Amino acid sequence: MEKILLEELVIKKINDRGVTLEQIAELTYFLQSNYYDGLTLEICLHNVEAVLKKREVQNAVLTGIRLDELAEMNLLEGPLQEMVNNDYSLYGIDEILAFSILNVYGSIGFTNYGYIDKLKPGILGEIDQRGKAEGCCQTFMDDLVGAIAAAAASRIAHRKEA
């Protein structure tokens, strides 16, 4: 599959799960605005888009979204189905997948991610609530969205002149 086609598929999958790139950019802005005078949502969106161009990120997003979809269709086996459906705190694989996105832009991404994962501002809170709705699994989606936003914030921080 051509790189541009994969990137388009990833964005479509994110949108199909009820999340826009602009909402992810708002999370990025939330994380970075106190440290960057003149930061705009447009700059944040540009950085979200740049993060989504990375093959490692695309792979993580496609994998996580598919696992959520399979859980919704009740197609996972045995205890895995229950673990993903219920987003058990000790399951942790959803965070591990998110970490693969954070690794792309260095350690600052981990602190950014931990912060918004705990607070769940904006779209993260909405995803979390959707995940509690019957028949809807968002175990991976909230972590993927948070990781994309955190990676974009890290990308901004790395490019900002001191």
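The values are calculated or read from the model by the stated rules, or taken from the named source; none is laboratory data. The structure presented is a predicted model; accordingly, all values stated were derived computationally and were not measured. Using ideal geometry, Cβ is built from the backbone for each residue, glycine included, and neighbour counts are taken over all protein chains shown.
Assorted remarks:
- Sole exception among (1) in a helix (DSSP H, G or I); (2) among the acidic types (Asp, Glu); (3) surrounded by fewer than 15 Cβ atoms within 10 Å (Cβ to Cβ) for Glu95, by number: (3)
- Residues in region 81-100 that are among the aliphatic types (A, V, I, L, M) and either within 14 Å of Leu31 (Cβ to Cβ) or more than 14 Å from the chain's Cα centre (by Cα) (or both): Met83, Val84, Leu90.
- Residue within region 136-147 that is among the polar types (S, T, N, Q) and touching a Phe, Trp or Tyr at 6+ places or on another chain (Cβ under 8 Å) present: yes
- Residue check for Glu42: in contact with a Ser or Thr (Cβ under 9 Å, 6 or more places away or on another chain) and either surrounded by 19 or more Cβ atoms within 10 Å (Cβ to Cβ) or at pLDDT 95 or above (or both): no
Matching residues to (1) in contact with a strand residue (DSSP E or B) (Cβ under 7 Å, 6 or more places away or on another chain); (2) closer than 25 Å to Glu22 by Cβ; (3) exposed (fewer than 15 other Cβ atoms within 10 Å of the Cβ):
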{"position": "Leu80", "(1), (2), (3)": "no, no, yes"}
{"position": "Val84", "(1), (2), (3)": "no, no, no"}
{"position": "Ile108", "(1), (2), (3)": "no, yes, no"}
{"position": "Ala133", "(1), (2), (3)": "no, yes, yes"}
{"position": "Cys137", "(1), (2), (3)": "no, yes, no"}
{"position": "Ile156", "(1), (2), (3)": "no, yes, no"}
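- Test: residue in region 142-153 that is out of contact with any strand residue (DSSP E or B) (no Cβ under 9 Å at 6 or more places or on another chain), surrounded by fewer than 19 Cβ atoms within 10 Å (Cβ to Cβ) and not basic (Lys, Arg): no
- Hits in region 116-162 - residues which are assigned to a helix (DSSP H, G or I) and β-branched (Val, Ile, Thr): Ile116, Ile123, Ile127, Val145, Ile148, Ile156
- Verdict on Lys132 being basic (Lys, Arg) and free of Cβ contacts under 8 Å to residues at least 24 places away in the same chain: yes
- Residues of region 110-131 satisfying the condition of being charged (D, E, K, R) and surrounded by 13 or more Cβ atoms within 10 Å (Cβ to Cβ): Asp117, Lys120, Glu126, Asp128, Arg130
- Filtered by the rule that a residue be under 12 Å from Leu102 (Cα atoms) and more than 10 Å from the chain's Cα centre (by Cα), region 53-65 gives Lys54, Glu56.
- Region 1-39, residues that are at positive phi, surrounded by 14 or more Cβ atoms within 10 Å (Cβ to Cβ) and without any contact (Cβ under 8 Å) to a residue 40 or more places away in the chain: none
- Some residue of region 10-29 being closer than 11 Å to Ala153 by Cα and among the small types (Gly, Ala, Ser): yes
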